[in-house]
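Heads up, the thing below is written out as structure tokens.
The values are calculated or read from the model by the stated rules, or taken from the named source; none is laboratory data. Source: prediction; values computed, not measured. Methodologically, a virtual Cβ is constructed for each residue, glycine included, from the backbone with ideal geometry; neighbour enumeration extends over all protein chains shown. For accessibility, only protein heavy atoms count, side chains too; no ligands or nucleic acids. Shrake-Rupley method; radii C 1.70, N 1.55, O 1.52, S 1.80 Å.
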Amino acid sequence: MSKKPQTALAIIDIGAHSARMEIVQFSQDGEIQVLDNLSQPIFLGTDVFRNGKISASNMRHCTRVIRDFGTVMKEYGVEQYRAVATSAVREAINRDIFLNKIRTDTGINLTVLDPSEELKLLYLSVKKLLEKNINLKVHNAVLFSIGTGSTHFASIEKGNLKNIQFLKFGTLRLIDELSTEITPQKIKDVIDPFVSTMVDDVARMSPAKKSDLLILVGATVRSLVDIEQGKKSEKNIAVLSREKFYALFQKIAASSIDDLVKTYGISDPIACGLTPCCNLIDNLLKNISAESIIVPSINTRDILIKAELQRLSNTPDPFEKEIISSVEFIGEKYRYNPEHARTVADLALLLFDKMMDIHNLGQRERLMLEIATLLRDIGKFINSRQHHKHSFYIINNSAIPGFTDEERNIVATVARYHRKAAPSTSHIEYMSLSSENKVLVCKLASLLRLAGSLERTHTGKVAIKKLFHDEESLTIQLNGSTDLTKEQWLIKTQCGLFTDTFGLKIILNGQ
Amino acid sequence: MELLDKKYYINRELSWLSFNARVLEEAADPTVPLLDRLKFISIFSSNLDEFFMVRVAAINQQMVAASNSRDPSGLTPAQQLAFIRKRAGALVKQQYSILTHDILVSLEKQSIFLLNRSHFTPEDTREIRSHFLQQIYPVLTPMAIDQSHPFPLVSNCSIELAILLKKPSSEKLVHALVEVPKVLPRFIELTNGSHGKGRYFALLEDIILTNLDQLFPQCEILSAFPFRITRDMDFTLNEDGVADLLVHLEKTLLTRKRREPIRLEITAGIKHDLKQWLVEMLELPPESLYTVQGPLDLTAFFELIRKLNTPALVEEEWAPADSLLIDDTVSVFESISKAKNIPLFHPFQSFDPVVRFLEEASEDPNVLAIKQTLYRVSGDSPVVHALQRAAENGKQVTVIVELKARFDEERNITWARQLEESGAHVIYGIAGLKIHCKALLIIRRSEGTIQRYLHLSTGNYNDKTAKVYTDISYFTDNPSICADISTLFNVMTGYSEFHEWEKIAAAPFNLREKFIALIEREARLSTPHRPGHIIAKMNSLVDPYIIAHLHHAALKGVKIDLLVRGICCLRPGYDTRTITVTSIVDRFLEHSRIFYFANGGNPEYFLSSADWMPRNLDRRIELLFPVEDQYTRKLIDELFRLQLKDKVKGRTLDKNGKYLHAKTKKTLSSRSQELTWKLFDTIAKDTQKTKKLFTIFDRKTKP
């Protein structure tokens, strides 16, 4: 570890059914020492999954719990912390009011963890944990993170992240949504068709059927392993064979919740969630040829700790490659032209890099430009007419790992402005952006349009020899091309946005 | 596990009375210094008062609620009460006999006299009157009882005077009561010199009785005598829906005066009709009346011992030894960091390092937080002062206060309020659970790293009782134990639910299961070739299930040595010969709870705040923690060895429930408390012996 935080670090994780806090510190060699570990039951799941919003009484309860956490943070002199809310708060209509109340009443800045960020962090942790034992490059793996309120899915082909999805399935979610008085039999009756449809959908959309590795994470899955082994597993990676799983499933299905709690010393929420969890695994095993289930020992807090450490140590995001890999998967899904998309993207990135002093943007924005360029034409899958608008819609409804909803919206809007009309006050998607993001969209869309204009002929032979600017104009000298009529015309019609944004005319020179 | 047959159990009340009988044996023992014997007389009374207030009261309530229920030894509440009355009556008779025929006579040989009213000289009477008018009269409130003045509430355990008098104007007889004020000294020294050399004391009630004419001028006093009632104090708080436990407890204390009377004590030789009137007024059954042959309330003799202040008549002081692991020239933090684990065996070793630890923490700028449980603390406690200071210095101070420590509630409320005012976060226990574990956790940051330091103990954070109770204090910075205790605090403060502990066990979460698992493991590993071995030291052994498990382990050949100071409901000697029960009653109150399990050659040692009683295992927050360092283990081995062969102050329980005292001339040198004191004294002084212990310490604790 190049740089360790100066004080203890707190990670707060507000899930659908429990609030947890871990306080850790780091030794000089980067070892993590857990100082304190708190958990309290909370009841957001029932509120949100049944009524869509967090009730006043549960808001008060959560405030109290988080205030207590704050007290313990003070006892350890914690200055750095990350407090995130996952599934239930994420989906609550009144989440902003909830977050604001927590902030004003407890002083703790709670943020919603985007599922794509959660998945990104999870993926990186799993990969790191597995790398010593399992070579992901020779497998087609599927990864499920099964929570009490939501489940994340990712397919990893030969070590590359492909399809990702966020499912509204949780081990306790159905019980929350239906009723607490429902009988176990009824739950089974409802869960089975629900889960099988869901798994079916996932399988159809992704190459899950070819998969030979099933990786599961989550507290309920871990307790399944513990029950099977008869003790708390101390291994980082546990393996559960098909046979063992089905034997266990039978045993669990035949037991009452009370029996499960007593026999295995597990908590009530975990016990209630065991059957739905087994049901999901059963359906997964029917669709996947994997012989066993791999259960790495990872929880949200662990991955957040690592993410915080990475952020504090200021090292580059190791995830860009994975993002592009899964963006390419989206492209493939909507039958884009990979070669052309890549050529334009490279050109756009070249322009971006050469014009740093003009746009003053950073790495993250560069990545946004790359993704917007790669995906700009996927709307053609629906219809060539107005395809920029279809691209906007598809991108905004696809999961991009490691991207927040806000970032994804910027990417979608940039793609939307890759052709036709420039941003206008009559466009809702543009007007709903913050002023900062409006400027960002204009800058990135300008670059995208310029790259598109230069590569419009789909020949891939454009080569920029020289690029320079003065106060009034940007001059681009191209290699090996004499007839620039078409490009000149395109720039004239498409790149008004560039001039409006940067105040520079574009002068195109051949040789 | 099922309970055993009743023949394996001893009734808890009778066992308790046996314990108090052992206290009385100390008072009767002529080899014990005179004033120490008087102290045991006092302790016997104070113990018995509490026994009536709590246990007899509880059985009385049981009589009403479930008169047919039987205890594990097969007795109904009525049978128990009958036994108690018989045995307690006999013991009290014995106590007064020892006091009046032995101790007071011996004191007179030392020229110390407790004067009877009939012995007052005219000079005495004059001195007494003057003292009465100046010091006593202003505090008294005589109350006449008639149709318009009903029988008043009589305070618990205070001495009252019942008086029958005739008013001058009429022939009518009037009853009156005067409370002998608790705020005044009970023993008044007379200095008029009319008796010659020596020290002469009069009792407060006698002084008032001599001056009744001042209280009831012109009345004729027909008869007057002192009496004392004991009330049911076994109240349980109904905490459901109580928002403020503190306010609730204050209210409950106010109602204490009105609790049911359980016992009426009067001095022998009182005229029948006034006694009869009193019994009727108090609505007491005749069996609640106890007649004593001497002064009431012998607990007050502590005061006389203090006033006499005669070192020659008490055992010499055993000065506490220093611990070599605690370096006076550096902070306690540094000593802990260096030694890792530091035991302190109180009172053979001083409690001062614990106070110093807290005081240093309160001033140390690197200390972030202090968390502590407080059960019984002394008045004007240095512990509370240090916590206040820490809070004022901006540290996060969390104190979990047990308000319900019996009979200490009023004191607890006072300092709890003081702590709150200084900014400490005071938590008043958990509804329904008494917090009995003793833990002090300090969080400190040095060079950017959080370090935690712990002090755990078998005894309370009370600098006063630490001088007379044997307890073991344990400092450690073991990260696993620190993490466990942090979690325990989070559970006690309500910040977190319980999940799991690595090293410790705590009631009411998993302590019972832990003890049972340890006993069962010992039984499982026991072979004829290598029998298991359990040594358990505690104050009381009552829990019938633990007793059943111990019995089954004994059947498997496990050797079980029990050091139980007080109640022991386990009846040894049926079917098995491997259980021994030893009780030590000596100058220090045996209070530490220590548990040893041979574990097939890989022994485990634990210290705990809990006795093996249902209340400790089910209704209190109690703590069990391991002792993993060889130094402390070695000292515990030594302590056990000394106690198990103590024939001077140790008594062994037999099959009939009798405690046998094998004291002979040959065994006089086996007094364990004295030998323990010498052991620590030697360790502190004799570097050779210490070196030997430290070699073990160095060799075995290095990672």
Inset, instruction - Identify the residue in the range B:592-635 that is among the aliphatic types (A, V, I, L, M) and closer than 26 Å to B:SER486 by Cβ and, among all such residues, is nearest to the chain's Cα centre (by Cα). - result: B:ALA610
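Determine which member of the set B:PHE357, B:PHE302 is at pLDDT 95 or above and touching a helix residue (DSSP H, G or I) at 6+ places or on another chain (Cβ under 6 Å).
On the way: B:PHE302 fails: at pLDDT 95 or above.
B:PHE357 is the lone residue from the list that is at pLDDT 95 or above and touching a helix residue (DSSP H, G or I) at 6+ places or on another chain (Cβ under 6 Å).
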Legend entry - Test: A:ARG204 is over 23 Å from A:THR300 (Cα atoms) and within 27 Å of the chain's Cα centre (by Cα): yes
Inset, instruction - Could you grab me the full set of residues in the range B:452-487 that are within 14 Å of chain A (Cβ to nearest Cβ) and of a type in the set (A, V, I, L, M)? - result: B:LEU454, B:ILE481, B:ALA483, B:ILE485
Inset, instruction - Any residue in the range B:547-559 that's more than 14 Å from B:PHE595 (Cβ to Cβ) and in the same structural domain as B:ASN599 (by TED's automatic domain parsing): show its pairings with residues that are among the small types (Gly, Ala, Ser) and in a helix (DSSP H, G or I) at Cβ separation under 9 Å, as long as the two are six or more apart or on different chains. - result: B:HIS552/B:ALA523; B:ALA554/B:ALA523; B:LEU555/B:ALA523; B:LYS556/B:ALA523; B:GLY557/B:ALA523
Legend entry - B:THR493, sole failed condition from (1) away from chain A (no Cβ under 14 Å); (2) of a type in the set (Ser, Thr, Tyr); (3) open to solvent by less than 40 Å² (accessible area, probe 1.4 Å): (1)
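Restricting to the range A:6-18, name every residue that is within 11 Å of chain B (Cβ to nearest Cβ) and closer than 20 Å to A:LEU113 by Cα. Write out each step before concluding.
In the first step, residues of the range A:6-18 are kept if they are within 11 Å of chain B (Cβ to nearest Cβ); the result is A:6-9, A:18.
Those that are within 11 Å of chain B (Cβ to nearest Cβ) and closer than 20 Å to A:LEU113 by Cα: A:LEU9, A:SER18.
Select, from A:ALA92, A:ALA56, A:ALA83, the only residue that is in contact (Cβ under 8 Å) with a residue 60 or more places away in the chain, away from chain B (no Cβ under 14 Å) and at negative phi. Before you say what the answer is, go through the steps one by one.
Values: A:ALA92 fails: in contact (Cβ under 8 Å) with a residue 60 or more places away in the chain; A:ALA56 fails: in contact (Cβ under 8 Å) with a residue 60 or more places away in the chain.
Going through A:ALA92, A:ALA56, A:ALA83 in turn, the sole match is A:ALA83.
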Legend entry - Yes/no for B:LYS167 being out of contact with any strand residue (DSSP E or B) (no Cβ under 9 Å at 6 or more places or on another chain), surrounded by fewer than 16 Cβ atoms within 10 Å (Cβ to Cβ), basic (Lys, Arg) and without any contact (Cβ under 8 Å) to a residue 60 or more places away in the chain: no
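Say whether the condition of being of a type in the set (Asp, Glu), crowded, with 24+ Cβ neighbours inside 10 Å and at pLDDT below 95 is met by at least one residue in the range A:106-121. Give the steps one after another, and end with the answer.
Taking the range A:106-121 as the starting set, the residues that turn out to be of a type in the set (Asp, Glu) are A:114, A:117-118.
Next cut, crowded, with 24+ Cβ neighbours inside 10 Å only: A:118.
From the residues that got through so far, the ones that are at pLDDT below 95 too are A:118.
Yes, some residue in the range A:106-121 is of a type in the set (Asp, Glu), crowded, with 24+ Cβ neighbours inside 10 Å and at pLDDT below 95.
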Inset, instruction - Kindly indicate whether any position in the range A:348-356 is without any contact (Cβ under 8 Å) to a residue 60 or more places away in the chain and over 30 Å from A:ASN383 (Cβ atoms). - result: yes
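Return a yes/no flag: does the range B:274-292 have any residue that is of a type in the set (Lys, Arg) and over 23 Å from the mean Cα position of the chain (by Cα). First the steps, then the outcome.
Step one: of the range B:274-292, the residues of a type in the set (Lys, Arg) are B:275.
Now narrow it down to the ones that are over 23 Å from the mean Cα position of the chain (by Cα): B:275.
For the range B:274-292, residues of a type in the set (Lys, Arg) and over 23 Å from the mean Cα position of the chain (by Cα): present.
Look through B:ILE208, B:ILE159 and report the one residue that is of a type in the set (A, V, I, L, M), crowded, with 16+ Cβ neighbours inside 10 Å, within 26 Å of B:VAL54 (Cα to Cα) and within 35 Å of the chain's Cα centre (by Cα). Walk me through it before giving the result.
Working: B:ILE208 fails: within 26 Å of B:VAL54 (Cα to Cα).
Being of a type in the set (A, V, I, L, M), crowded, with 16+ Cβ neighbours inside 10 Å, within 26 Å of B:VAL54 (Cα to Cα) and within 35 Å of the chain's Cα centre (by Cα) holds for just one of B:ILE208, B:ILE159, which is B:ILE159.
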Inset, instruction - Residues being open to solvent by less than 10 Å² (accessible area, probe 1.4 Å) and more than 8 Å from every other protein chain (Cβ to nearest Cβ): count how many of those fall in the range A:27-47. - result: 3
Inset, instruction - Identify the single condition in (1) within 24 Å of B:LEU403 (Cα to Cα); (2) open to solvent by 10 Å² or more (accessible area, probe 1.4 Å); (3) within 14 Å of chain A (Cβ to nearest Cβ) that B:ILE370 does not satisfy, given that it satisfies every other one. - result: (2)
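Inside the range B:560-586, can you point out the residues that are hydrophobic (A, V, I, L, M, F, W, C), part of a loop (DSSP other than H, G, I, E, B) and touching a Gly at 6+ places or on another chain (Cβ under 9 Å)?
The initial filter retains those residues of the range B:560-586 that are hydrophobic (A, V, I, L, M, F, W, C), namely B:560, B:562-564, B:567-570, B:579, B:581, B:584-585.
Retained after the next criterion (residues that are part of a loop (DSSP other than H, G, I, E, B)): B:567, B:569, B:585.
Scanning the range B:560-586 gives a single hit, B:VAL585.
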Inset, instruction - Check A:MET21 against each of (1) more than 9 Å from chain B (Cβ to nearest Cβ); (2) closer than 22 Å to A:GLU118 by Cα and name the one condition it does not meet. - result: (1)
Inset, instruction - Scan the range B:413-448 for residues that are free of Cβ contacts under 8 Å to residues at least 40 places away in the same chain and assigned to a loop (DSSP other than H, G, I, E, B) and report the count. - result: 5
Legend entry - Residues that are within 14 Å of another protein chain (Cβ to nearest Cβ) and open to solvent by 30 Å² or more (accessible area, probe 1.4 Å), drawn from the range B:336-367: B:PRO365, B:ASN366
Inset, instruction - Answer yes if at least one residue in the range A:115-132 is assigned by TED's automatic domain parsing to the domain that holds A:GLY170, more than 14 Å from the chain's Cα centre (by Cα) and not in a helix (DSSP H, G or I), and no otherwise. - result: yes
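I'd like to check which helices (runs of 4 or more DSSP H) are fully inside the range B:14-131 and have at least 2 residues that are more than 30 Å from B:ASP543 (Cβ to Cβ).
Details: elements: B:34-50, B:57-65, B:77-97, B:104-109, B:122-131.
Output list reads B:34-50, B:77-97, B:104-109, B:122-131.
Please work out if A:ILE175 is in contact with a Cys (Cβ under 7 Å, 6 or more places away or on another chain), more than 24 Å from A:ASN94 (Cβ to Cβ) and assigned by TED's automatic domain parsing to the domain that holds A:SER196. Walk me through it before giving the result.
On the way: in contact with a Cys (Cβ under 7 Å, 6 or more places away or on another chain): yes; more than 24 Å from A:ASN94 (Cβ to Cβ): no; assigned by TED's automatic domain parsing to the domain that holds A:SER196: yes.
The answer is no for A:ILE175.
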Inset, instruction - Kindly list, by first and then second residue, each pair from a residue in the range B:170-188 that is modelled with pLDDT of 90 or more to a residue that is open to solvent by 60 Å² or more (accessible area, probe 1.4 Å) and polar (S, T, N, Q), limited to pairs with Cβ atoms under 8 Å and residues at least 6 apart or on different chains. - result: B:VAL178/B:THR141; B:GLU179/B:THR141; B:LEU184/B:GLN135
Legend entry - Whichever residue in the range B:560-580 is touching a residue at least 60 places away in the same chain (Cβ under 8 Å) and under 17 Å from B:ALA598 (Cβ atoms) and, among such residues, is most open to solvent (accessible area, probe 1.4 Å): B:THR580
Legend entry - Selection status of B:GLY600, open to solvent by 30 Å² or more (accessible area, probe 1.4 Å) and either on the phi > 0 side of the Ramachandran plot or modelled with pLDDT of 95 or more (or both): yes
Inset, instruction - Hey, could you check the range B:416-440 for residues that are within 14 Å of chain A (Cβ to nearest Cβ) and not aliphatic (A, V, I, L, M) and say which is most open to solvent (accessible area, probe 1.4 Å)? - result: B:HIS425
Inset, instruction - State the number of residues belonging to the range A:453-470 that are at pLDDT 80 or above and out of contact with any Leu (no Cβ under 8 Å at 6 or more places or on another chain). - result: 2
